[in-house]
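Enquirer: After the structure tokens below, expect a handful of questions from me.
The values are calculated or read from the model by the stated rules, or taken from the named source; none is laboratory data. Since the structure is predicted, the reported quantities are computational estimates derived from the model, not experimental observations. Here the Cβ positions follow ideal geometry from the backbone for every residue, glycine too, while neighbour counts run over all protein chains shown.
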Amino acid sequence: MPKAAIAIGICFILFGTPLIEAIGNTEENSNIISINYSFDEPVIKKVVVGKNEYDMIDMNGLSYGSNPGEPCLPAKGAYILLPQKTKVGKIIATPSEKVFLGSGYKIMPMGNSVPLSDTPQPPIPNKKIYNSKNPFPGKLFTKVGIYNFRGYEILVLMLHPVQYIPATGEIFYYKHITISVKTKEDNYINPLFRGLEKDKMEVIKKVDNPSVADTYTKKMRKSSLEEYDLLIITTDSLKGAFEDLKNYHDDHDIRTVIKTLTETGSSPEEIRDYIRNAYLNWNIDYVLLGGDDDVVPAKMLWVEGLDENVEPYSTFMPSDLYYACLDGTFNYDGDDKWGEPTDGDNGSDVDLIAEVYVGRAPVGNAKEADNFVSKTIEYIEMGVDDYFKKVCLVGEYLGNYGIASYGGNYLDQLIDGSDADGYTTVGIPSDEYEIYTLYDRDTSWHPSDIINCINNGVHFINHLGHSNWGRNMKINCDDVESLTNTKYCFIYSQGCYAGAFDYDDCIAEYHTVKTRHSAFAVIMNARYGFFWTFSTDGDSQRYHREFWDAIFGEGILRIGKANQDSKEDNLYIIERSMMRWCYYQLNLLGDPAVALRISNPPDKPSRPNGETVVKVGKTYIYTTTVVDPDGDQIYYKWDWGDGNISDWIGPYTSGEVINESHAWEKKGVYGVRVKAKDTHGLESEWSEPLTISVPYNSESREKHIQYLKVDSRIYKNRMFTKYFYLARKIYRLSYYHNLLLSSLIKN
């Protein structure tokens, strides 16, 4: 979530700063966070919608935040980290001198966001606004809300650098807007604050003022003997079916634990409480829900938005976001509508920034679990293969709605990225991938075409077209069951209801768990997907573009995290049209900890080379090397066997011999190993360990060498073997067998 912030600072000032716009209460000598945002000069162009000609304003890096019928004006999201133990007192917006762009303009109204399955109409101007002589929106910012990420409080604003007077057609803008947040002391510390360095590293990527993260003090936590990365929640009867996945992750440095509903509780509220405790006590980052909705229940969240006629459009939908965002209850008022915008703490918005990243294996029995687990492991394990570079974009005819008539017009924005519709996203690079299109816009295509595409091996499929719970991409559940591919794909679809896993076996479930073929994971809508009339700036499209921006632009390869990032990048326009609807419904049916294979991981590094018998406190140099199949640059991580594990060091050229140094502070025997990752974040296996002996004193060094020569199997991978177990057999009491072991080493 990169942000452009020119000046960031925390200072103390006296009340009296010239104010252009402010909300909230203030006190003198309040703590101030001040951030300056800069904006490029707008570009105004003519557009034709139906029979009407309008003017359209584009500003580099800004998107459109208006609602249907309002003038379509650029806006920018601001993500401001609040210092620890503070709360917002007042928000002040101070602009630079306004720049007049002219008059007589008729700005295009924002289109209506409608279900892909409905018939839309051209955008209709709001008469009250378009007849007004007052500037629109008439304010420099909108407060979206205050959200929490792992105990860090983030203020989210939408900035409005462009102002429009509809009655005269005048347009002016500001080159700079300075946002000053006056904060007040508050001794409250969010109970989800863990004080972990990894949490701090994550939050500084999300906000415009990362230096404020230093105000969050490290929390003294009791050390836990248990620490995990991934929590799998399933039933007693299905637990065994997920053991292979647990073991695989454990072997590849994703520490995994399986818990059943007997241990967690079976209601959504109990499951969420258990996840919260695991997050706090085990430091987990990922959760896999191992069951369909009738096995591991989904929380049904209530959401509403605006349909084509600007009338309320509401429903309940299964949303695993409830298990990812752990602040509050999601039901502040205690009614039957969980997830309302006032259901957060004290009537604020619900938590929308995730503490953990969630996916679901929608299985109903052991066979389906085996399908899911096998495909997941085989996808990760597959060696170098051309299919990893194959992509299919599937766009259908949507209706006669101008540029919005064809899904292909939307999906083209995923190729090499796009700055269409006022915002910029990185896309799938066409110089690295073979991109195949099935577009109704270009030629007619049939169900057999997508079936052949999948069977022949394709890595990514992106789809925009009409769907329902049993039909997507012009194929049905029976077609999915007949697939024969053994090279599994990832599917992202904007189609309606394709991911409605609370229904009886939706097509997303057929892709992921009903067969040993097709997809290892999908992201699909639980209810309607939404596009806009006569525009490609659809609500579902926003999330689709930001997902691939997370992968190729931000380097977020784990699909659970990338899915959530696509939502948080759009958080500042959460109240626009159907954005909240889509935020809730985009569920991942797949393992959230799996990283997409956008490149091949490096080979296993060579065993470290260097001295094997060393002195306490003396620094020694060790070397290793590895080749990356794609020629990517490489980072290395060293595990010195004494509890010290380095950060990622690099980058280095593929095949380059690199060295790193270390000193051991205690005598003993250690295993040194190293692993590599490429610039895409894909990691190798750990190397074979090099056994290092740190003798008790220098006089015994030669005896140590002789001892190691006698039987190098005494230690392997930091585990005692032959002589240890012999000693334990002879001396049953631990005190005596430890003495024997010590004697063996010393003599």
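Enquirer: Residues of the range 648-684 being assigned to a loop (DSSP other than H, G, I, E, B) and under 11 Å from VAL626 (Cα atoms), which ones? Lay out the reasoning, then the answer.
Expert: Let us first name the residues in the range 648-684 that are assigned to a loop (DSSP other than H, G, I, E, B), namely 648, 653-657, 664-667, 679-682, 684.
Selection gives THR653, SER654, GLY655, GLU656, VAL657, SER684.
Enquirer: Of the residues ALA167, ALA241, which is assigned by TED's automatic domain parsing to the domain that holds GLU568 and touching a residue at least 24 places away in the same chain (Cβ under 8 Å)?
Expert: On the way: ALA167 fails: assigned by TED's automatic domain parsing to the domain that holds GLU568.
Checking each option against the conditions leaves just ALA241.
Enquirer: Suppose we filter ILE154, ILE204, ILE124 for residues that are part of a strand (DSSP E or B), assigned by TED's automatic domain parsing to the domain that holds ILE32 and of a type in the set (A, V, I, L, M); which single one remains? Quick ask: steps written out before the conclusion?
Expert: Values: ILE204 fails: part of a strand (DSSP E or B); ILE124 fails: part of a strand (DSSP E or B).
One residue alone meets the criteria, ILE154.
Enquirer: Hey, another quick one. Quick check on this structure: which one of MET300, MET382 is closer than 30 Å to ILE146 by Cβ and in contact (Cβ under 8 Å) with a residue 24 or more places away in the chain?
Expert: Values: MET382 fails: closer than 30 Å to ILE146 by Cβ.
Exactly one of MET300, MET382 is closer than 30 Å to ILE146 by Cβ and in contact (Cβ under 8 Å) with a residue 24 or more places away in the chain, namely MET300.
Enquirer: Just to be sure before I move on: is ASP293 among the charged types (D, E, K, R), part of a loop (DSSP other than H, G, I, E, B), crowded, with 16+ Cβ neighbours inside 10 Å and under 21 Å from the mean Cα position of the chain (by Cα) in the structure I sent?
Expert: Details: among the charged types (D, E, K, R): yes; part of a loop (DSSP other than H, G, I, E, B): yes; crowded, with 16+ Cβ neighbours inside 10 Å: yes; under 21 Å from the mean Cα position of the chain (by Cα): no.
So ASP293 fails the test.
Enquirer: Keeping to the range 249-290, report how many residues are in a strand (DSSP E or B) and either assigned by TED's automatic domain parsing to the domain that holds GLU197 or not charged (D, E, K, R) (or both). Steps first, please.
Expert: To start, the set of residues in the range 249-290 that are in a strand (DSSP E or B) comprises 256-260, 286-290.
So of that shortlist, the ones also either assigned by TED's automatic domain parsing to the domain that holds GLU197 or not charged (D, E, K, R) (or both) come out as 256-258, 260, 286-290.
Residues flagged as in a strand (DSSP E or B) and either assigned by TED's automatic domain parsing to the domain that holds GLU197 or not charged (D, E, K, R) (or both) within the range 249-290 amount to 9.
Enquirer: Given GLY334, GLY339, which one is of a type in the set (Gly, Ala, Ser), in the same structural domain as MET578 (by TED's automatic domain parsing), more than 17 Å from GLN585 (Cα to Cα) and in a loop (DSSP other than H, G, I, E, B)? Break it down stepwise before answering.
Expert: Values: GLY339 fails: more than 17 Å from GLN585 (Cα to Cα).
Just a single option satisfies the conditions, and that option is GLY334.
Enquirer: Examine the range 219-241 for a residue that is more than 18 Å from TYR323 (Cβ to Cβ), part of a helix (DSSP H, G or I) and in contact with an Asp or Glu (Cβ under 9 Å, 6 or more places away or on another chain), and state whether such a residue exists. Steps first, answer last, please.
Expert: Taking the range 219-241 as the starting set, the residues that turn out to be more than 18 Å from TYR323 (Cβ to Cβ) are 219-227, 236-237, 239-241.
From the residues that got through so far, the ones that are part of a helix (DSSP H, G or I) too are 239-241.
Applying the additional criterion that residues be in contact with an Asp or Glu (Cβ under 9 Å, 6 or more places away or on another chain) yields 241.
Checked the range 219-241: at least one residue is more than 18 Å from TYR323 (Cβ to Cβ), part of a helix (DSSP H, G or I) and in contact with an Asp or Glu (Cβ under 9 Å, 6 or more places away or on another chain).
Enquirer: Within the range 190-197, identify whether any single residue is surrounded by fewer than 22 Cβ atoms within 10 Å (Cβ to Cβ), outside any helix (DSSP H, G or I) and acidic (Asp, Glu), and answer yes or no.
Expert: Of the range 190-197, the ones surrounded by fewer than 22 Cβ atoms within 10 Å (Cβ to Cβ) are 190-197.
Then keep just the ones that are outside any helix (DSSP H, G or I); that gives 190-196.
Next, from what is left, pick out any that are acidic (Asp, Glu): none.
No.
Enquirer: Same structure, new question: Identify the residue in the range 672-689 that is surrounded by fewer than 20 Cβ atoms within 10 Å (Cβ to Cβ) and closer than 30 Å to VAL616 by Cα and, among all such residues, is modelled with the lowest pLDDT.
Expert: Looking at residues that are surrounded by fewer than 20 Cβ atoms within 10 Å (Cβ to Cβ) and closer than 30 Å to VAL616 by Cα, I get GLU685.
Enquirer: Check off (1) surrounded by 24 or more Cβ atoms within 10 Å (Cβ to Cβ); (2) at pLDDT 95 or above for ARG597 and give me the number that stays unchecked.
Expert: Of (1) surrounded by 24 or more Cβ atoms within 10 Å (Cβ to Cβ); (2) at pLDDT 95 or above, only one is false for ARG597: (1).
Enquirer: If a residue counts only when it is over 16 Å from the mean Cα position of the chain (by Cα) and within 24 Å of LEU306 (Cβ to Cβ), which helices (runs of 4 or more DSSP H) contained entirely in the range 469-573 have at least 3 such residues? Steps first, please.
Expert: On the way: elements: 477-481, 507-512, 539-552, 559-568.
Hits in the range 469-573: 539-552.
Enquirer: Residues that are modelled with pLDDT of 95 or more, part of a strand (DSSP E or B) and farther than 29 Å from VAL426 by Cβ: does the range 34-45 have at least one?
Expert: Looking through the range 34-45, at least one residue is modelled with pLDDT of 95 or more, part of a strand (DSSP E or B) and farther than 29 Å from VAL426 by Cβ.
Enquirer: Across the range 94-105, what is the number of residues that are surrounded by 15 or more Cβ atoms within 10 Å (Cβ to Cβ) and outside any strand (DSSP E or B)?
Expert: 2
Enquirer: Looking at this structure, is ALA404 surrounded by 21 or more Cβ atoms within 10 Å (Cβ to Cβ) and among the small types (Gly, Ala, Ser)?
Expert: On the way: surrounded by 21 or more Cβ atoms within 10 Å (Cβ to Cβ): yes; among the small types (Gly, Ala, Ser): yes.
Yes: the conditions hold for ALA404.
Enquirer: Is it true that GLY305 is within 23 Å of ALA521 (Cα to Cα) and either in contact (Cβ under 8 Å) with a residue 12 or more places away in the chain or not in a loop (DSSP other than H, G, I, E, B) (or both)?
Expert: Details: within 23 Å of ALA521 (Cα to Cα): no; either in contact (Cβ under 8 Å) with a residue 12 or more places away in the chain or not in a loop (DSSP other than H, G, I, E, B) (or both): yes.
Answer is no for this residue.
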